[in-house]
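I have placed the structure first, in the form of structure tokens, so that the comments after it can refer back to it.
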Amino acid sequence: MFKIIAVTNRKLCHIDFLEKLEALAKSEVDSIILREKDLSEEEYYNLAKNVLRICEKYNKECILHNFVGVAKRLGQSKIHLSLPMLEKHHNEVRNFEKVGVSIHSLEEGERAVALGATYITAGHIFQTDCKKDLEPRGVSFLENICRAVNIPVYAIGGISKYNINLVKEAGAKGACLMSSLMKAEAK
């Protein structure tokens, strides 16, 4: 089954952030990655408590991002990390149920697998406002990653209803959406 993963960025949100998260939790997205990189650990902890409560209410998977200590404090076993963070914390997350890693090259993908990642996000695939000055890696990059690793690969970066079929055809198990979901008005 092809999955849709919402990646948060409260700075893109035009409504109250927790209202947006509740709307996403009610929606058909499969998972939510709580990616609020600018927060302190304590601020992230307080936000994560609220978001986890919302996700529990709607039986929606919530994956915490980068704050391994917060995940442990909250009894959570699902985390998404950058490759440098996984390299630093791989012993701490060894027993986590789900460990996702952001990768930008085949070598990074192979390294993430070797360090115990259970899935990877590969990108950015298409042009995106989040990475305006960087050339997208494209569908062939995604195809190569999907063929090379034996764990699920989720595409990220500039994915929309107009190009999501290309991501599916490339072999990705799903797509991560940030801007399109965070900027969308509540329904």
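Taking the alpha-carbon centroid of each part, what is the distance from segment 48-62 to segment 90-117 in angstrom?
24 Å
Take the Cα of E169, step 7 Å along the line toward its Cβ, and report every residue of segment 110-149 whose backbone nitrogen sits under 18 Å from that point.
Flagged as within label range: 125-127, 137-147.
Are there cysteines in the chain with no other Cys C-beta under 4.7 Å, and if so, which?
Cysteines lacking a close Cβ partner in the chain: C13, C130, C146, C176.
Taking the dipole about the Cα centre of segment 66-118, with the C-beta of Lys and Arg at +1 and of Asp and Glu at -1, give me whichever of I103, L74, H90 is farthest to the positive side.
Working it through, the farthest residue towards the positive pole turns out to be L74.
Suppose every K and R has +1 on its Cβ and every D and E has -1 on its Cβ; what is the size of the dipole of segment 1-70 about the Cα centre, in Debye to the nearest 20?
Once rounded to the nearest 20, the dipole reads 160 debye.
List the GluC sites (Glu not before Pro) in segment 107-187 that DSSP assigns to loop (not H, G, I, E or B) and whose Cβ has at most 14 other Cβ atoms within 10 Å. Which are they?
When the GluC sites (Glu not before Pro) of segment 107-187 are filtered for loop state and at most 14 Cβ neighbours within 10 Å, E185 remain.
Could you check the simple spin-label distance between E143 and N95, using points 7 Å along Cα→Cβ, in nm with one decimal?
4.3 nm
Within segment 43-58, which residues have the backbone N less than 20 Å from the label spot 7 Å out from S27 along Cα→beta-carbon, could you tell me?
48, 50-58
Would you order Y58, Y119 from fewest to most other beta-carbon atoms within 10 Å of each residue's own beta-carbon?
Y58, Y119
Regarding segment 52-113, what whole-number volume in Å³ per residue does the convex hull of its Cα atoms give?
Once divided by residue count, the hull of segment 52-113 is 86 Å³.
If N is the number of residues in the chain, what value comes out of its Cα radius of gyration divided by 2.2 N^0.38 Å?
Rounded to two decimals, the normalised Rg is 0.97.
Place a +1 charge on the Cβ of each Lys and Arg in the chain and a -1 charge on the Cβ of each Asp and Glu, then give the dipole magnitude about the Cα centre in debye, rounded to the nearest 20.
That gives the chain a dipole magnitude of about 340 debye.
What's the magnitude of the charge dipole for segment 107-176 around its Cα centre, counting Lys and Arg as +1 and Asp and Glu as -1 at the beta-carbon? Answer in Debye, nearest 20.
220 debye
Only the coordinates and a few stated rules stand behind these numbers; no lab work does. Keep in mind the model is a prediction, meaning the values are calculated, not measured. Cβ atoms come from the backbone with ideal geometry, glycine included; neighbour counts cover every protein chain shown.
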